[in-house]
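Accompanying notes for the structure given below.
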Amino acid sequence: MRILVIEDEKKVASFIKKGLEAEYFSVDLAFDGKEGLHFALNEDYDLIILDLMLPYKDGLSILREIRQEKILTPVLILTAKDSIKDKVIGLDSGADDYLAKPFSFDELLARIRAILRRKSVDEDNILKAGDLILDTQTHKVLRKNTQIFLTPKEYAILEYLMRNKNKVVSRAKLTEHIYDFNFDTGTNVIDVFINKLRNKIDKGFDKQLIYTVRSIGYMIKDY
Ligand code: CA
């Protein structure tokens with residue numbers, strides 16, 4: 001699950017990012033309205049957390065513009081403006097929920113879960129490849145009924161590969177999915193994670209699931 005956080009207070013933004021990454025989400029940060037709108041229009045997210053008072057472009061304008069562009073990604077407004085009037089305007093402009101600052105991280109997380117649950121009512125939470133099963137709600141991973149314990153980054157890579165089952169996923173795509181834009185993509189860090197995943201997912205099982213596609217990337221194959 002990939003989340004965009006548009007928030008100009010850097011401390012708050014990095015607090016949210018750290019907390020969400022520990023909960024297995026991939027998080028991109030945008031520190032002003034223009035950058036936020038650009039990411040929202042050009043990247044794929046499962047959820048957008050949106051501050052209202054932002055430099056260059058305010059949150060409500062961003063919300064209206066992305067809804068005009070028919071982008072239906074759920075939006076959670078997070079702001080110091082907590083009057084009833086502001087809440088109503090936010091929700092009427094196409095937001096899915098509203099949380100006033102200061103907030104507790106636990107409440108933010110609970111609201112995110114609720115929004116994603118509503119969103120995924122029609123989607124299947126269970127991803128399968130051969131005898132490997134991944135539950136995107138509980139983050140539980142099983143192979144032949146044995147639970148496999150993954151770190152948040154390993155989980156994020158595996159979920160992404162499984163969502164794109166039987167398709168080759170490039171290293172660049174994987175890097176983009178699990179890191180923010182400040183990350184140096186020149187390293188072989190993805191290969192390191194894939195090796196760790198292989199040790200947990202494939203080692204000791206008769207059928208291989210993770211394949212290397214030479215000089216391009218990786219693929220999870222069903223059988
Ligand atoms: Ca602000």
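The values are calculated or read from the model by the stated rules, or taken from the named source; none is laboratory data. Everything numeric in this text was worked out from a predicted model, so none of it was measured. Note: ideal-geometry Cβ built from the backbone for every residue, glycine included; neighbour counts use all protein chains shown. Note: accessible area is taken over every heavy atom of the protein model, side chains too, but ligands, DNA and RNA are not part of it. Shrake-Rupley method; radii C 1.70, N 1.55, O 1.52, S 1.80 Å.
Counting alpha carbon pairs within less than 8 Å and at least 6 residues apart, what relative contact order, in whole percent, applies to segment 137-223?
RCO, segment 137-223: 36 percent.
Where does each of S26, S83 land when they are ordered by accessible area, with a 1.4 Å probe and the largest first?
S83, S26
Spin-label point model (7 Å from Cα, Cβ direction): what's the R163 to D82 distance in nm?
3.2
Excluding ligands, DNA and RNA, what is the solvent-accessible area per residue of the chain at a probe of 1.4 Å, expressed in Å²?
52
Which percent of the accessible heavy-atom area of segment 129-180 goes to carbon and sulfur, probe 1.4 angstrom?
Here carbon and sulfur together make up 53 percent of the probe-accessible area.
About the Cα centre of segment 94-223, how large is the charge dipole given +1 on each Lys and Arg Cβ and -1 on each Asp and Glu Cβ? Please answer in debye to the nearest 20.
In total the dipole reaches around 420 debye.
What does the C-alpha gyration tensor say about the overall shape of the chain? Classify as rounded when a/c is under 1.5, otherwise prolate if a/b is larger than b/c, or oblate.
Note, shape of the chain comes out prolate.
Contour minus end-to-end for Q147 and E43, with contour as 0.36 nm per residue of separation and end-to-end as the Cα-Cα distance? Write down the numbers at each step before the final one.
On the way: separation 104, 0.36 × 104 = 37.44 nm, distance 3.25 nm.
Fully extending the segment from Q147 to E43 adds 34.2 nm.
Roughly how much of K57 is accessible, in Å² to the nearest 10, using a 1.4 Å probe?
50
Let me know the charge dipole size of the chain about its Cα centre in debye, to the nearest 20, where only the beta-carbon of Lys, Arg (+1) and Asp, Glu (-1) is charged.
820
Please state the shape class of segment 65-131: rounded when a/c is under 1.5, otherwise prolate if a/b exceeds b/c and oblate if not, all from the C-alpha gyration tensor.
Note, shape of segment 65-131 comes out oblate.
Please label the shape of segment 3-62 as rounded, prolate or oblate, based on the square roots a ≥ b ≥ c of the eigenvalues of the alpha-carbon gyration tensor (a/c under 1.5 means rounded; beyond that, a/b larger than b/c means prolate, else oblate).
Because a/c hits 1.5 or more and a/b fails to exceed b/c, segment 3-62 counts as oblate.
What is the helix-to-structure angle for 189-201, meaning the angle in degrees between its Cα long axis and the longest Cα principal axis of the chain, kept from 0 to 90 and rounded to the nearest 10?
60
Give the ranking of E21, E154, E69, E9 by solvent-accessible surface, highest area first, calculated with a 1.4 Å probe.
E69, E9, E21, E154
Specify which residue in the list L91, L37, Y218 is farthest towards the positive end of the charge dipole of the chain, using unit charges on the beta carbon of Lys, Arg (+1) and Asp, Glu (-1), about the Cα centre.
Y218
To the nearest 10 square angstrom, how much accessible area does T136 have with a 1.4 angstrom probe?
That residue has around 10 Å² of solvent-accessible surface.
Pairs of alpha-carbon atoms within less than 8 angstrom and 6+ residues apart define the contacts here; what relative contact order does the chain have, in percent?
16
Quick check: the angle from helix 152-163's long axis to the longest principal axis of the chain, C-alpha only, nearest 10 degrees?
So the inclination is approximately 80 degrees.
So what's the angle, to the nearest 10 degrees on a 0 to 90 scale, between helix 59-68 and the longest Cα principal axis of the chain?
Orientation of helix 59-68: about 60 degrees from the principal axis.
Between segment 65-86 and segment 4-42, how far is it from one alpha carbon centroid to the other, in angstrom?
15
Roughly to the nearest percent, how much of the accessible area of segment 2-119 is carbon and sulfur, given a 1.4 Å probe?
51
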